[in-house]
Amino acid sequence: AASCLLATRLGAETFIISTDVDKVSLNFATPEEVQLDRMTVAECRQYLADGRFAAGSMRPKINSAVRFLEQGGKKVIITQPQNLRADLDEIYGTHIVP
């Protein structure tokens, strides 16, 4: 939440959330796990409403992503540190857009 606030106040276009997974997943750590390459804010809101993200895990990250994009940000990327690249479009992770 603090990083989201800082990125918004700085007028950043892209907000990167560095975490311990490559991508956001539905059904995390189950045989039905599906990694998400891309999501929209509407999809994020629906997954949040459906309880698809754990409160102590991905939920705060998705809430921050939605907040950042609602306040004028252009893109959020959630990934592991080793996936970061100078070309933001080439970063392996979940890209969230308005």
Fill in: Only Lys, Arg (+1) and Asp, Glu (-1) charged, at Cβ; the range 41-90 dipole about Cα centre in debye
200 debye
Worksheet item: How high is the FRET efficiency between A42 and A2 when r is their beta carbon distance and R₀ equals 22 Å, given to the nearest 0.05?
Response: 0.30
Fill in: Unit charges on C-beta of K, R, D, E only; dipole of the chain, Debye
380 debye
Fill in: Projected area averaged over orientations for the chain, convex hull of C-alpha atoms, nm²
6.0 nm²
Discussion item. Rolling a 1.4 Å sphere over the protein heavy atoms, what is the accessible area per residue of the chain, to the nearest Å²?
Written reply: 57 Å²
Fill in: R59-E32 FRET efficiency (beta carbon distance; Förster radius 22 Å; 0.05 resolution)
0.70
Discussion item. Could you derive backbone 3J(HN,Hα) for the range 51-58 from the dihedral phi with the Karplus parameters 6.51, -1.76 and 1.60 (θ = phi - 60°), listing whole Hz in sequence and x where the residue is Gly or Pro?
Written reply: x, 7, 10, 5, 4, x, 10, 8
Worksheet entry | In sequence order, calculated HN-Hα J values of the range 82-98 (Karplus, 6.51, -1.76, 1.60; Hz; x Gly/Pro) | 5, 8, 5, 9, 5, 7, 4, 5, 9, 6, 6, x, 9, 9, 10, 10, x
Worksheet item: Under a 1.4 angstrom probe, counting protein chains only, how are E32, E43 ranked by accessible area, largest first?
Response: E32, E43
Worksheet item: At a 1.4 Å probe, what is the % contribution of carbon and sulfur to the accessible area of the chain?
Response: 50 percent
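The values are calculated or read from the model by the stated rules, or taken from the named source; none is laboratory data. Owing to the predicted nature of the structure, the values given are computational and were not obtained by experimental measurement. As a convention, Cβ positions derive from the backbone with ideal geometry for all residues, glycine included, and neighbour counts pool all protein chains shown. Only protein heavy atoms, including side chains, enter the accessible area calculation; ligands, DNA and RNA are left aside. Shrake-Rupley method; radii C 1.70, N 1.55, O 1.52, S 1.80 Å.
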